[in-house]
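Taking it in order: structure first as structure tokens, then the write-up.
The values are calculated or read from the model by the stated rules, or taken from the named source; none is laboratory data. Predicted, not measured: the structure shown is a model, and the values here were computed from it. All Cβ positions, even for glycine, are placed from backbone atoms using ideal geometry, and neighbour counts span all protein chains on display. Ligands, DNA and RNA are stripped out before the accessible areas are found, and what is left, the full protein with its side chains, is counted by its heavy atoms. Shrake-Rupley method; radii C 1.70, N 1.55, O 1.52, S 1.80 Å.
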Amino acid sequence: MSQKTARWWPGNLALFLVIILSPGISAAENADQAPTLQSIEQDRNTLMLEPESPPARTIAEVFYLILGIVAVIFLLVFVPLLWMLFRFRMRKEDEGIEPPQIYGSNPIELAWTIGPAIIVFVLFLVTARSIFEIEAAVPPHDAVHVRVIGHQWWWEYEYPDYGFITANELHAPLGKDGSPRPVYLDLESADVIHSFWVPQLAGKTDVIPGRINHLWFAAEKPGWYKGQCAEYCGTQHAHMWLRVKSESDQDFAEWVANEQRDAVADPAVAVGRNLFLENACANCHTIRGTSAQGKFAPDLTHLMGRKTIASGILPNTRDYLLRWVRNPQTLKVGCHMPDMKLTQREVEKIVDYLVTLQ
Ligand code: CUA
């Protein structure tokens, strides 16, 4: 080992260890600043392989097929390789003797060109068939339609058939008999390219400004499904989460009926409501039934119907709402809601109002 190499590797080893350990370090540092739901909910990285909707199932099948084929190729290469390393290793009696030198072999060249070409072609056909199978699905008459608009850094959902808008938590009904019911999404962007991805339900689909992309899923069970923006879209890309709540037809109908109503106007919190409407809050947020008609930020008409805030990263509790309204930049650095420089009393009054928005 030359001196240069010798000095090189301990430094790189240290760098390697820093990179490997840094997620733990930064998670510990951030624990105070923004204790997100990541530490509250059990997080799994294998969701893609636990499909609960037809498109996700098709993708997982293709994954396992390809994994199987490459596993066979791996064994075909490495078992003979290991055997040859051992069988033809240099021995004492071989010293000074060169092995036979072979220059090209037509049969071998043909075999390792045509073989892989056939494998790649088969994988191409399987993948193409799956893509067409998913994309060609025709919406049945009872399909639910949702317009999804990606924003930096949250999701807007419009239910055109029911006439309301909500954010971050998408509700999807099962069929009347509990069977999977397809949900068809039109994906649009208000700013930059995002990507809508709920691994257990469907493949990721880009959300591109100036065009409408489509995606569908049909959850097979009731429950919550976690998703994440899957295309880097700026500072808070990693915190652009989403959730899909698959629920019974009846629960969905109740949710829709509530969402369709204008916001409650509880006289007990009139002070907070007026502060909300007088301050810049109303320029960005909509609260139906009031003069707040902003379109830039999430619709808050039924804010308390959601279990999270800040695009799914924080529990929707009074405590977090207080911290959020006080200064969102402490919880989601770089988000487009500024520190409104409100007094503590104003913050409390506004949150008193917000928590009535059932
Ligand atoms: Cu939106 Cu990444």
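Binning at 10 Å from 0, report for the chain what percent of all alpha-carbon pair distances ends up in each bin.
Going from the shortest bin to the longest, the percentages are 4, 18, 24, 20, 13, 9, 6, 3, 1, 0.
Run down the lysines and flag those whose C-alpha is under 18 Å from the C-alpha of Lys307, throwing out any fewer than 8 positions away in its chain.
Output for Lys307: Lys226, Lys245, Lys332.
Using a probe of 1.4 angstrom, how much of the accessible area of the chain is carbon and sulfur, in percent?
Of all accessible area on the chain, carbon and sulfur atoms account for 63 percent.
In percent, how large is the relative contact order of region 267-354, given Cα pairs closer than 8 Å and 6 or more residues apart?
Over region 267-354, the number comes to 28 percent.
What residue among Tyr225, Tyr162, Tyr184 has the largest mean-square fluctuation in a Gaussian network model of the chain, using Cα springs under 10 Å?
Tyr162
Under the classification rounded if a/c is under 1.5, otherwise prolate if a/b is larger than b/c and oblate if not, where does region 144-288 fall, given a ≥ b ≥ c as square roots of the Cα gyration tensor eigenvalues?
oblate
Quick one: if the Förster radius is 51 Å, what FRET efficiency do Ala280 and Ile119 give, using the C-beta to C-beta distance and rounding to 0.05?
Efficiency, rounded to the nearest 0.05: 0.30.
Name the shape class, rounded, prolate or oblate, that the alpha-carbon gyration tensor gives for region 267-354, where a ≥ b ≥ c are the square roots of its eigenvalues, rounded holds for a/c under 1.5, and otherwise prolate holds if a/b is larger than b/c and oblate otherwise.
Rounded, because the longest to shortest axis ratio a/c is under 1.5.
May I ask you to order 140-146, 150-156, 294-300, 171-177 by the average number of other C-beta atoms within 10 Å around their residues, highest value first?
Result, highest mean Cβ count within 10 Å first: 150-156, 294-300, 171-177, 140-146.
Taking loop as defined by DSSP and a crowding limit of 13 other beta carbons within 10 Å, which chymotrypsin sites (Phe, Trp or Tyr not before Pro) in region 108-151 fit?
Those that pass, being in a loop and sparsely packed, number zero.
Identify the GluC sites (Glu not before Pro) of region 87-154 meeting these criteria: DSSP loop state and at most 13 other C-beta atoms within 10 Å of the C-beta.
Listed in order of number, the matching sites are Glu95.
Counting heavy atoms of the protein chains only and a 1.4 Å probe, report the per residue accessible area for region 267-354 as a whole number of Å².
Dividing the accessible area of region 267-354 by its residue count gives 43 Å².
Would region 311-358 count as rounded, prolate or oblate if I go by the C-alpha gyration tensor, calling it rounded below 1.5 in a/c and otherwise prolate when a/b exceeds b/c, oblate otherwise?
oblate
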